[in-house]
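Chemist: Have a look at this one before I ask anything.
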Protein chains: 2
Amino acid sequence: MDKIKRNERLGAMTRILLDTPNRIHTLNEFCAMFGAAKSTVSEDIDLVSASFDRFDLGRIETVAGAAGGVRYRAMPSPEKVSRVLGGLAEQLSEPGRMLPGGFLYTSDITSEGSTAQAAGEILAAQYYDSKPDFVLTMETKGIPIALMTARMLDVPLVIARRDSRAYEGSAVKINYIAGGAGERIETMALARRAVQPGQRALIIDDFMKGGGTLKGMVDLMREFLAEVVGVGVMISTARPEVKRLEGVKSLLVLEGFDLETDRAIVRPSAEFC
Amino acid sequence: MDKIKRNERLGAMTRILLDTPNRIHTLNEFCAMFGAAKSTVSEDIDLVSASFDRFDLGRIETVAGAAGGVRYRAMPSPEKVSRVLGGLAEQLSEPGRMLPGGFLYTSDITSEGSTAQAAGEILAAQYYDSKPDFVLTMETKGIPIALMTARMLDVPLVIARRDSRAYEGSAVKINYIAGGAGERIETMALARRAVQPGQRALIIDDFMKGGGTLKGMVDLMREFLAEVVGVGVMISTARPEVKRLEGVKSLLVLEGFDLETDRAIVRPSAEFC
């Protein structure tokens, strides 16, 4: 193999780090791949890291110690977070998104890949230190954002279902109080084998109104003897002010609807501005 | 701003291209960002492209013409496809994945971010030329793979539901024949506003047995006057041999179960080997 030049290494190294967010790569791995000395690879990493810092593209971090190496975390800057959430609030405030019954049409936005990715990056950045073992969501609309959050954290995604399907094997089922138009009892189920006792759960969903579904997920984790280390959503409603669950981080707040202009009033959450 | 060196540009440019798969960036965009001449940026792109080729990391393609520029497509090589599918087949053949009723436990694999990403890259590569306007899937288990396929193609994901929920507005509902334990009539629904007449749909799901659900999605698209340009799944079963839908591309084939070793027999599809 020809000697590989720095110019060639930089693009390849960037690609590999970005493809495995939050996963630590040893310098030796890159040394072997490029046939380069550790000091050389280390300089390469500094270059990529400086370039990411300069253009607000995320962090390339060096982790010291025996299990050390280098990893990529998206870690969007406050300016980027504010820009992303501002853009989302604007999209959600477009006329025509109001649905009968005080609902907001969000499916096209929550299931758009680059939006889910951007939301996932912001949410993941809140929970690196909580070291979750997995992300839990409830089908259906939260899945894209939860998946991207899980991918950024490099942990599996676990999806609770409305009913336990035959093809998931034995399951734990709970009842919970769902909000919406009048309170009602609903069921959520999760495959027994999906979660191990003592694991740390990060709960992510797209929307919170009363907080009933999120509270249900917390209760479900209790059945599995798992610890909930955080709860994050993309949008929460300003009303009711008191939710069934406290400490939920929300990217956006739905203040209400302006009936005259046929628009939802959505703004970035105070804690993200 | 200091003059930005090539070493700094390469990492940043790679990051930006990877973050927006299949989206064309003009050279002017990078010229403005880096304060560099077009010829310089063009050389940068050649360097990243060569490095990606050399290490099998995807393609950085230059697109000629008025709407031209540069874009990233994952386009895994046959060797990489074979390695990824071989690894998936092995994981799915682990003992203990057989469930009562001839089902296979796949949820942990299909909802794992990097697996969904890898499957999405392989599926997307099959359909760039079909130019879909969106990816359609049916809740729930196909969502992660469909989302990643959509993200690779830079098109939206559209999710059909088992029932039309109040918060999605007016919906089109159809009945379809689902397989599984005995045939039965099921319902799928999709928000009226999710698809426009004349749009091109790529249907992606995690699993095909009889093909009833996929056929349902094809029928649903007919109601919307949308054209189905392809159908892809992660796993299909070898039996029944005749499916309700032809021309489905499957990454993996579930041949059956070995009751003695408590293992599923899964292999990469012939067309991907």
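Chemist: Residue check: is B:LEU259 of a type in the set (A, V, I, L, M, F, W, C), surrounded by fewer than 17 Cβ atoms within 10 Å (Cβ to Cβ) and on the phi < 0 side of the Ramachandran plot?
Modeler: yes
Chemist: Still on this structure: Hey, among A:GLY256, A:GLY198, A:GLY210, which residue is in a loop (DSSP other than H, G, I, E, B) and under 19 Å from B:TYR167 (Cα atoms)?
Modeler: Checking each option against the conditions leaves just A:GLY210.
Chemist: If you don't mind, another one. Can you tell me which of (1) more than 12 Å from every other protein chain (Cβ to nearest Cβ); (2) among the hydrophobic types (A, V, I, L, M, F, W, C); (3) part of a loop (DSSP other than H, G, I, E, B) is the one A:VAL229 doesn't meet?
Modeler: (3)
Yes/no per residue for (1) touching a Ser or Thr at 6+ places or on another chain (Cβ under 9 Å); (2) modelled with pLDDT of 95 or more:
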| position | (1), (2) |
| --- | --- |
| B:SER51 | yes, no |
| B:PHE55 | no, no |
| B:PRO78 | no, yes |
| B:ILE109 | yes, yes |
| B:ALA116 | yes, yes |
| B:ILE143 | yes, yes |
| B:LEU157 | yes, yes |
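Chemist: In a helix (DSSP H, G or I), of a type outside the set (Ser, Thr, Tyr), surrounded by fewer than 18 Cβ atoms within 10 Å (Cβ to Cβ) and facing another protein chain (nearest Cβ under 8 Å): is that true of A:ALA50 in this structure?
Modeler: yes
Chemist: Among residues belonging to the stretch A:13-38 that are among the polar types (S, T, N, Q) and touching a strand residue (DSSP E or B) at 6+ places or on another chain (Cβ under 7 Å), point out the one that is nearest to the other protein chains (Cβ to nearest Cβ).
Modeler: So in the stretch A:13-38, the residues among the polar types (S, T, N, Q) come out as A:14, A:20, A:22, A:26, A:28.
Filter again for touching a strand residue (DSSP E or B) at 6+ places or on another chain (Cβ under 7 Å), leaving A:22, A:26.
On the way: A:ASN22: 10, A:THR26: 17 Å.
The extreme case among them is A:ASN22.
Chemist: A further question on this structure: For the stretch B:151-160, indicate whether the set of residues that are closer than 29 Å to A:PRO100 by Cα, away from chain A (no Cβ under 13 Å) and touching a helix residue (DSSP H, G or I) at 6+ places or on another chain (Cβ under 7 Å) is non-empty.
Modeler: No, because not a single residue in the stretch B:151-160 is closer than 29 Å to A:PRO100 by Cα, away from chain A (no Cβ under 13 Å) and touching a helix residue (DSSP H, G or I) at 6+ places or on another chain (Cβ under 7 Å).
Chemist: Scan (1) more than 25 Å from B:ALA160 (Cα to Cα); (2) in a loop (DSSP other than H, G, I, E, B) for the single condition B:GLU246 breaks and write down its number.
Modeler: Against the list (1) more than 25 Å from B:ALA160 (Cα to Cα); (2) in a loop (DSSP other than H, G, I, E, B), B:GLU246 comes up short only on (1).
Chemist: Do you know which of the residues in the stretch B:242-273 that are under 16 Å from B:GLY102 (Cα atoms) and not hydrophobic (A, V, I, L, M, F, W, C) is nearest to the chain's Cα centre (by Cα)?
Modeler: B:GLU255
Chemist: Only one of (1) within 9 Å of chain A (Cβ to nearest Cβ); (2) under 22 Å from A:ARG54 (Cβ atoms); (3) of a type in the set (A, V, I, L, M) is not met by B:LEU57, so which one is it?
Modeler: That leaves (2) as the condition not met.
Chemist: For A:GLY101, work out the one condition from (1) without any contact (Cβ under 8 Å) to a residue 60 or more places away in the chain; (2) at positive phi it doesn't fulfil.
Modeler: Of the numbered conditions (1) without any contact (Cβ under 8 Å) to a residue 60 or more places away in the chain; (2) at positive phi, the odd one out for A:GLY101 is (1).
Chemist: Shifting gears a bit: Please verify whether A:LEU10 is surrounded by 16 or more Cβ atoms within 10 Å (Cβ to Cβ), within 9 Å of chain B (Cβ to nearest Cβ), out of contact with any Phe, Trp or Tyr (no Cβ under 6 Å at 6 or more places or on another chain) and in a loop (DSSP other than H, G, I, E, B), treating the condition exactly as stated.
Modeler: In short, no.
Chemist: Could you check the stretch B:1-58 and list, in sequence order, the residues that are over 23 Å from B:TYR128 (Cα atoms) and of a type in the set (Asp, Glu)?
Modeler: Passing the criteria: B:ASP2, B:GLU8, B:GLU29, B:GLU43, B:ASP44.
Chemist: Return yes or no: is A:VAL155 surrounded by 17 or more Cβ atoms within 10 Å (Cβ to Cβ) and either in a loop (DSSP other than H, G, I, E, B) or of a type in the set (Asp, Glu) (or both)?
Modeler: Working: surrounded by 17 or more Cβ atoms within 10 Å (Cβ to Cβ): yes; either in a loop (DSSP other than H, G, I, E, B) or of a type in the set (Asp, Glu) (or both): yes.
It is true that A:VAL155 is surrounded by 17 or more Cβ atoms within 10 Å (Cβ to Cβ) and either in a loop (DSSP other than H, G, I, E, B) or of a type in the set (Asp, Glu) (or both).
Chemist: Sort out for me the helices (runs of 4 or more DSSP H) sitting completely within the stretch A:67-143 that have 3 or more residues that are within 13 Å of chain B (Cβ to nearest Cβ) and either among the acidic types (Asp, Glu) or buried (at least 22 other Cβ atoms within 10 Å of the Cβ) (or both).
Modeler: A:107-110, A:113-127
Chemist: Can you name every residue in the stretch A:177-232 that is among the charged types (D, E, K, R) and more than 21 Å from the chain's Cα centre (by Cα)? Quick ask: steps written out before the conclusion?
Modeler: The first filter runs over the stretch A:177-232 and keeps only residues among the charged types (D, E, K, R), leaving A:183-184, A:186, A:192-193, A:200, A:205-206, A:209, A:215, A:219, A:222-223, A:227.
A:GLU183, A:ARG184, A:GLU186, A:ARG192, A:ARG193, A:ARG222, A:GLU223 - these are the residues of the stretch A:177-232 that are among the charged types (D, E, K, R) and more than 21 Å from the chain's Cα centre (by Cα).
Chemist: Here's another thing I want to ask about it. Filter the stretch A:191-231 for residues that are of a type in the set (S, T, N, Q) and surrounded by fewer than 23 Cβ atoms within 10 Å (Cβ to Cβ); which is farthest from A:ALA146 (Cα to Cα)?
Modeler: So the first thing to find is which residues in the stretch A:191-231 are of a type in the set (S, T, N, Q), and the list is A:196, A:199, A:213.
So of that shortlist, the ones also surrounded by fewer than 23 Cβ atoms within 10 Å (Cβ to Cβ) come out as A:196, A:199.
Working: A:GLN196: 19, A:GLN199: 17 Å.
Only one residue fits best here, namely A:GLN196.
Chemist: Scan the stretch A:232-244 and report the pairs whose first residue is under 20 Å from A:LEU92 (Cβ atoms) and assigned by TED's automatic domain parsing to the domain that holds A:ILE204 and whose second residue is part of a strand (DSSP E or B) and basic (Lys, Arg), with Cβ atoms within less than 8 Å and a gap of 6+ or a chain change.
Modeler: If the second residue must be part of a strand (DSSP E or B) and basic (Lys, Arg), the pairs left are A:GLY232/A:LYS249; A:VAL233/A:LYS249.
Chemist: Could you check the stretch B:226-267 and list, in sequence order, the residues that are over 17 Å from B:LYS209 (Cβ atoms) and of a type in the set (D, E, K, R)?
Modeler: Let us first name the residues in the stretch B:226-267 that are over 17 Å from B:LYS209 (Cβ atoms), namely B:226-230, B:258-263.
Residues satisfying the conditions are B:GLU227, B:ASP258, B:GLU260, B:ASP262, B:ARG263.
The values are calculated or read from the model by the stated rules, or taken from the named source; none is laboratory data. All of these numbers come straight from a predicted model, not from anything done at the bench. When we count neighbours, we look across all protein chains shown, and the Cβ atoms used for this are built from the backbone with ideal geometry, even at glycine.
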